[in-house]
Amino acid sequence: MSLRERQQQLLDYMMGRNSEIDGHIRDHGAISADTRLNIYRNAYQVRFWETIDTDHPILGTYLGDDLFNQMVHDYIDAYPSTFRSLRNFADRLPQFLTEDETLKAYPHVAELARFERELIAAFDAADAQQAERQQLIDLDPEKWPILKLEFHPSVRVFSTPYNVVDIWQHIKAERTPPEPVQQDETWLLWRNRERLTEFVSVDSFELTMYRSFADGHNLEQVAELLLEISHSDPSSHMVNTLFSWLDRGWITRLDAGLQLVKQ
């Protein structure tokens, strides 16, 4: 049997599948082959548990030890790791929580897990230079209509039908979380200049403006769209919003001449 096949036998054993690996492990002094194998299996499972516990501390607190431990066990069985890095192991946890027989009755739990995954994604996003507000101030007024933006890789939209961000914030502050309620909310998440993850609630005006710029539209096109939905001159609101984005470090490039290449 090849080394690869023997390794697969060991992996099958650690994953709780049928395996013949026990017939190829020797006793070592007072430690039996079964004990040695169990040490490996327990260590393997513990690493996955630690990964989910580290990635989802607020979810763990919200569920409590017993329910969280059962969730981790069931998730490992349902979604065995297929990644070289533990960084991606829990990516499918929100999906699992919509399928789990116990937890799917509480859809806000999957939303809470999804929020924590988005926080991780924002924190792990690639680095990029961040534009400054002075660059907008110095921009030739004649070039404002063709202005396009390139956003920092960490900026992302989180829309949810539940008050899970409020729940998350209460638990983070060690306060009793509110009851889950259906409540459409949209947040933008990003990694700030101090490399800390932040998030802020956005209204329909700011969300429309962000998505339009993210789609590659220039300022004139964005203004026309905002005029249609707000039925009033959006200029002042747009300028204030642009400055707030620059202050937060959301924008990596102001382009008023060259066509942006979207990544």
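Any read-out appearing in this document is the output of simple, stated calculations on the displayed coordinates, not a laboratory observation. Computed from a prediction, not measured in an experiment: that's the story for all the values here. FYI the Cβ positions are ideal-geometry reconstructions off the backbone, even for glycines, and counts take in every protein chain you see.
General observations
- In the stretch 98-229, the convex hull through the Cα atoms has an average projected area of 10.5 nm², a quarter of its surface area.
- Euclidean distance of C-alpha centroids, the stretch 166-188 and the stretch 124-152, integer Å: 33
- Of the chymotrypsin sites (Phe, Trp or Tyr not before Pro) in the stretch 45-91, those whose Cβ has at most 12 other Cβ within 10 Å and which sit in DSSP loop: 83
- Taking Cβ atoms as reference points and 13 Å as the exclusive limit, the residues near residue 130 contribute a net charge of +1, counting Lys and Arg as +1 and Asp and Glu as -1.
- Summed residue charge, Cβ within 14 Å of residue 56's Cβ, Lys/Arg positive, Asp/Glu negative: -3
- Listed by chain and number, the aspartates and glutamates whose C-alpha is less than 14 Å from the C-alpha of residue 148, apart from same-chain residues fewer than 8 away, are 140, 215, 220, 255.
- Bridgeable aspartates and glutamates around residue 172 (alpha carbons under 17 Å apart, same-chain partners fewer than 8 residues away excluded): 53, 55, 65, 111, 116, 118, 198.
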